[in-house]
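Each remark here refers to the structure printed beneath this line.
What follows is calculated from the coordinates using simple rules that are stated; it is not laboratory data. Computed from a predicted model, the values in this text were never measured in an experiment. Quick reminder, even Gly has a Cβ in these numbers, built from the backbone with ideal geometry, and neighbours come from all protein chains shown.
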């Protein structure tokens, strides 16, 4: 198979992920959600911005490495360009990884494509530097799906633009349009291939209104008293792992919601969260998490 980048080649195994299953939701919630496969045993490994501990975040190469490391999902942070394209980029300003002091929403796709979003990684993490990272480009949602196909699992975030947790107008409609086009959602879609997340309740509620079957995850620490409200539109929560404890995990699980904390990079933290009973977690090091999951299961 042709390498995507000089010196980097995809194995055939990296193009397919084994079937996986998610924790059940109670009937009262499931009636308004997609029917997801059920397995209490599956712990979901989410490659945070791809395998971003090893390669520049939100690039094809980072996603590729996430798949090579057998992550269950690759995570995409979506923003909308000035000319209406959905691109995967974390920061609202491109300065940190693109070296230009501009907002994504104020740039056209053509302008974003001129950015080098790989070189910064070599400068910041010289121990993982690779000449192939120089010149990597910002990717659209369509380009990512075209590259990795319909057998890949995507964990997609609609990025809020400000403290008020608002997204760019039209983002949710465009996202549903693209996912429907590729049959990643809809009546003929395979369950579990897409999870949608956001810190913005308004964004998730808009997605729920557009399609009540979409599996949605509310990011942030949702207070126990608000879990029932979240359950009306979401199937899970994604808190910062540093802001929760074993009791919180139990409260979420007792409500029938999934819990996928972010961003967990140290094995000690991974082990503790697994003992608490989380359904999965986000990590920059999916290979490391798989080692811990294997160790955890061997002790049960």
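From most to least packed by mean Cβ count within 10 Å, the peptides 160-171, 114-125, 252-263 give 252-263, 114-125, 160-171. Taking packing as the residue-averaged number of other Cβ atoms within 10 angstrom, the listed peptides 130-141, 283-294 run from highest to lowest as 283-294, 130-141. Going by the alpha-carbon gyration tensor, a ≥ b ≥ c the square roots of its eigenvalues, is the range 215-300 rounded (a/c under 1.5) or, if a/c is not under 1.5, prolate (a/b greater than b/c) versus oblate? Note, shape of the range 215-300 comes out prolate.
Estimated from helices alone, the mean residue ellipticity of the chain at 222 nm is -8000 deg cm²/dmol (sum of -39500 (n - 2.57) over DSSP H runs with n ≥ 4, per residue).
Note on the chain: with a GNM built from Cα contacts shorter than 10 Å, the maximum mean-square fluctuation among 64, 223, 79 falls on 223. The Cα atoms of the range 157-300 give a gyration tensor whose axes a ≥ b ≥ c have a/c of 1.5 or more with a/b greater than b/c, which makes the shape prolate.
Take the Cα of residue 150, step 7 Å toward its Cβ, do the same at residue 174, and the gap between the two points is 2.4 nm.
Which length gain, in nm to one decimal place, applies between residue 232 and residue 275 when the Cα-Cα distance is subtracted from 0.36 nm times their residue separation? The partial results should precede the final answer.
Values: separation 43, 0.36 × 43 = 15.48 nm, distance 2.78 nm.
Result: 12.7 nm gained on full extension.
Build a GNM of the chain with springs between Cα atoms under 10 Å apart, and of 185, 244, 156 the one that fluctuates most is 244. A Förster radius of 25 Å, combined with the Cβ-Cβ distance separating residue 246 from residue 191, puts the computed FRET efficiency at roughly 0.25. Rounded, prolate or oblate, given the Cα gyration tensor of the range 53-155, with a/c below 1.5 counting as rounded? Note, shape of the range 53-155 comes out oblate.
Express in nm, to one decimal, how much length is gained between residue 199 and residue 223 on full extension, taking 0.36 nm for each residue of separation and deducting their alpha carbon distance.
Working: separation 24, 0.36 × 24 = 8.64 nm, distance 1.37 nm.
Extending this stretch completely gives an extra 7.3 nm.
Taking 30 Å as R0, compute the FRET efficiency from the Cβ-Cβ separation of residue 109 and residue 211 and round it to 0.05. Write out the running numbers ahead of the final one.
Working: r = 25 Å, r/R0 = 0.85.
Working from the Cβ atoms, E equals 0.75.
Between 127, 147, 157, where does the largest GNM mean-square fluctuation fall for the chain, given springs only between Cα atoms within less than 10 Å? Highest fluctuation of the listed residues: 127. Of the three principal axes defined by the Cα atoms of the chain, the extents in descending order read 48, 44, 36 Å.
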